[in-house]
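The values are calculated or read from the model by the stated rules, or taken from the named source; none is laboratory data. Nothing here was measured: the structure is a model prediction, and the numbers come from that model. No Cβ is skipped: glycine too gets one built from the backbone with ideal geometry, and neighbour counts run over all protein chains shown.
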Amino acid sequence: MSIGALTLSCIAVLATSVLAQSTLPVGYSKKEGEYFRHVPLKYAPCRIQCGYGAKATPWKTVQVINELWARADSVGYLSAGFSVDMRVILSSKGANIKTPSVVYTENLGNDAKVFMKKKLYKFAPLNAGTTFPNPWTIRMKGDAPFVAVAPTLLVDWSTYSSSNQFNNDFYVDTARVKGTPTGAYGTVAYYGTGCNPNTYYNFATDMDVGADFRTYAYTRNIGDFQLAWLGAAKTTTAIPGLKGCSLYTPPVIFHPTIGRTSEASGYHNFIWGQVPLFMKGQRVFSQMAAVDPKGSLRFSRGAEVVFGDYDPHYPFIISHKYQYGSGTTIFDPDKHNAAWGWVDAAIIFDLR
């Protein structure tokens with residue numbers, strides 16, 4: 001072996017040895033997490049992305065990752081074993097560790113790599129623990145090492161199943177941080193009624209300075225083309241020819257994309273961008289409309305949004321975004337979007 005090859009080998013060994021028994025986020029090797037997540041193992045199929053900021057990772061420059069390990073939460077147990085396929089994608093450089101988008105690919109960085117290809121995992125029954133934290137028992141070995149070239153990481157963990165599984169109370173240990181908040185929350189008030197059907201509900205969230213403001217809705221139908229707009233005034237104007245439908249705010253800005261619903265709930269999400277400081281205290285209104293495959297029009301209710309400047313000031317940034325199968329809808333981790341998740345919580349992993 002040449003001197004150059006030997007040097008590179010030593011560097012790789014040093015990198016992995018420094019990482020041994022290190023956790024994401026840092027400090028949880030022997031500490032039980034403050035939270036727990038039912039995804040991605042209590043319900044399957046499922047997909048969850050967990051983001052870790054620079055202060056949450058145990059490295060500062062470059063790090064080699066060979067394996068990921070997770071553990072059951074203190075409240076977790078499994079009375080009957082089960083099997084699922086699992087896949088893991090890792091991303092470091094350019095990854096959005098706040099996981100703001102429900103479109104999984106939009107949170108990945110430009111170095112995203114399938115760390116572990118889809119493979120079958122068999123989970124044996126698990127008794128409730130008595131000493132915590134539980135041992136690391138969920139091993140995800142990479143098909144090849146992943147080199148994190150930035151002090152941030154996004155872990156994208158999917159489970160696959162041909163039918164919706166409910167695997168008792170198999171919770172995964174999770175960290176949740178508290179901050180020292182300042183400012184006041186942005187607010188949203190809804191008015192009016194959706195039409196065709198009247199259960200067409202829209203929502204707004206992340207309405208504070210620095211957050212990625214988004215609106216989303218449920219049309220209750222698959223295959224709808226959905227558009228969203230913001231307005232500067234609150235109105236209640238009946239729409240001619242559409243009984244029970246009203247325009248609740250005249251459009252000023254349309255979202256540049258038109259969504260297409262792919263789930264029975266008709267869910268679609270619109271991200272408007274990061275809220276700038278000058279929007280603090282400003283008021284906007286939002287509404288959505290959709291056209292189903294047969295050409296029928298439907299309109300949502302209105303939403304009145306006032307932007308705030310609430311800032312939790314977390315000691316480090318961790319986040320997650322997820323979705324899973326429920327009812328008669330079979331979630332497809334490769335095609336469907338996320339629906340839930342927030343900043344301040346993420347699954348605890350041991351990196352080796």
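What is the number of the single condition among (1) free of Cβ contacts under 8 Å to residues at least 40 places away in the same chain; (2) crowded, with 19+ Cβ neighbours inside 10 Å that Trp136 does not meet?
(1)
Looking at the range 237-244, is at least one residue closer than 23 Å to Thr99 by Cβ and assigned to a strand (DSSP E or B)?
No, every residue in the range 237-244 fails to be closer than 23 Å to Thr99 by Cβ and assigned to a strand (DSSP E or B).
Just wondering, is there one or more residues in the range 76-98 that are surrounded by fewer than 17 Cβ atoms within 10 Å (Cβ to Cβ), outside any loop (DSSP other than H, G, I, E, B) and out of contact with any Pro (no Cβ under 9 Å at 6 or more places or on another chain)?
Looking through the range 76-98, at least one residue is surrounded by fewer than 17 Cβ atoms within 10 Å (Cβ to Cβ), outside any loop (DSSP other than H, G, I, E, B) and out of contact with any Pro (no Cβ under 9 Å at 6 or more places or on another chain).
Going by the structure shown, is Ala264 among the aliphatic types (A, V, I, L, M) and assigned to a loop (DSSP other than H, G, I, E, B)?
In short, yes.
Among the candidates Thr182, Thr219, single out the residue that is among the β-branched types (Val, Ile, Thr), within 25 Å of the chain's Cα centre (by Cα), more than 21 Å from Val343 (Cα to Cα) and at pLDDT 95 or above.
Among Thr182, Thr219, only Thr219 is among the β-branched types (Val, Ile, Thr), within 25 Å of the chain's Cα centre (by Cα), more than 21 Å from Val343 (Cα to Cα) and at pLDDT 95 or above.
Take Gly273 and tell me if it is buried (at least 17 other Cβ atoms within 10 Å of the Cβ) and in contact with a Phe, Trp or Tyr (Cβ under 8 Å, 6 or more places away or on another chain).
Taking the combined requirement at face value, the residue does not satisfy it.
Restricting to the range 198-235, name every residue that is touching a Gly at 6+ places or on another chain (Cβ under 6 Å), farther than 17 Å from Ile253 by Cβ and part of a loop (DSSP other than H, G, I, E, B).
Tyr200, Thr219, Arg220, Asn221, Asp224
Scan the range 298-340 residue by residue and report those that are modelled with pLDDT of 95 or more and small (Gly, Ala, Ser).
Passing the criteria: Ser300, Gly302, Ala303, Gly308, Ser319.
Which count do you get for residues in the range 195-206 that are within 13 Å of Ala290 (Cβ to Cβ), under 27 Å from the mean Cα position of the chain (by Cα) and touching a residue at least 40 places away in the same chain (Cβ under 8 Å)?
3
Inside the range 81-111, can you point out the residues that are under 16 Å from the mean Cα position of the chain (by Cα) and among the aliphatic types (A, V, I, L, M)?
Val88, Ile89, Leu90, Ala95, Ile97, Val102, Val103, Leu108
Yes or no: Val84 of a type in the set (Val, Ile, Thr), at pLDDT below 95 and more than 16 Å from Leu153 (Cβ to Cβ)?
Judged against the criteria, Val84 is not a match.
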